[in-house]
Structure formats: C-alpha cells, structure tokens
1. How much length is gained if the chain between LYS50 and ALA8 is pulled fully straight, taking 0.36 nm per residue apart and subtracting their Cα-Cα distance, in nm to one decimal?
2. For the stretch 19-27, take each phi angle, set θ = phi - 60°, evaluate the Karplus expression 6.51 cos²θ - 1.76 cosθ + 1.60, and give the result in whole Hz per residue in order, putting x for glycine and proline.
3. Could you give log10 I(q)/I(0) at q = 0.22, 0.24, 0.27, 0.28 Å⁻¹ for the stretch 23-64, computed by the Debye formula over C-alpha point scatterers of equal weight, without solvent?
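Each value in this text was obtained by applying a stated rule to the coordinates, not by laboratory testing. Remember, predicted model here, so these are calculated numbers, not experimental data.
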Amino acid sequence: MLLDDGGAATLMLHLGTKAETELSGLANPGSDEERILFAAIKETLKRDPKWYSTRLALIKGVTEETTTGVPRLYPIPSSTTCTAAANRW
C-alpha cells in the first residue's frame, strides 16, 4: 500500500512507468513543478530503465490522506495505465 500525501508519488510512479517506453511525454513541462518532476524521472531512468515499473508492480493500492492531492488521483483509476486501486479518503 502506498500512503501518498499529496498524490505526487502516485503521479511520479505512473509517469515514470509510461516514460520507460515513451519518453516524449516528458518533453514539455507546463510548470516549474513538472520541470523538476520530469528531470527526476529522466535521471532515474538513466540509472535503471525499469525502476518505476518494477516498483509500481509491487504496489497493491494507493491511499491519499489530504484534500490537496485528491484531484491528482481522480483521473488515474480511469486511465488505461493505472495498475493499483486508489482509495480517496
């Protein structure tokens, strides 16, 4: 279970897993937060090209404990790339 305060870890794992096969999705960050996030994902993939998918496969579910992160989790369960159940409190 991933207890994700703010939704950033869930977002990062899913974006990183997608970037393992399609790096172009990280080409155009829309904010400073995305620029930093995309750079971190790219750096991790240089060291281990399967880092994100390996970890995501081990997660059985996600829970988000704050109201600020809930909007980040809403689209994930309906996407085709979601691999874990999301519980929004």
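1. Roughly 13.2 nm would be gained on extension.
2. The phi angles translate into 5, 4, 10, 9, 5, 4, x, 9, 6 Hz.
3. So the normalised log intensities are -0.84, -0.90, -0.94, -0.95.
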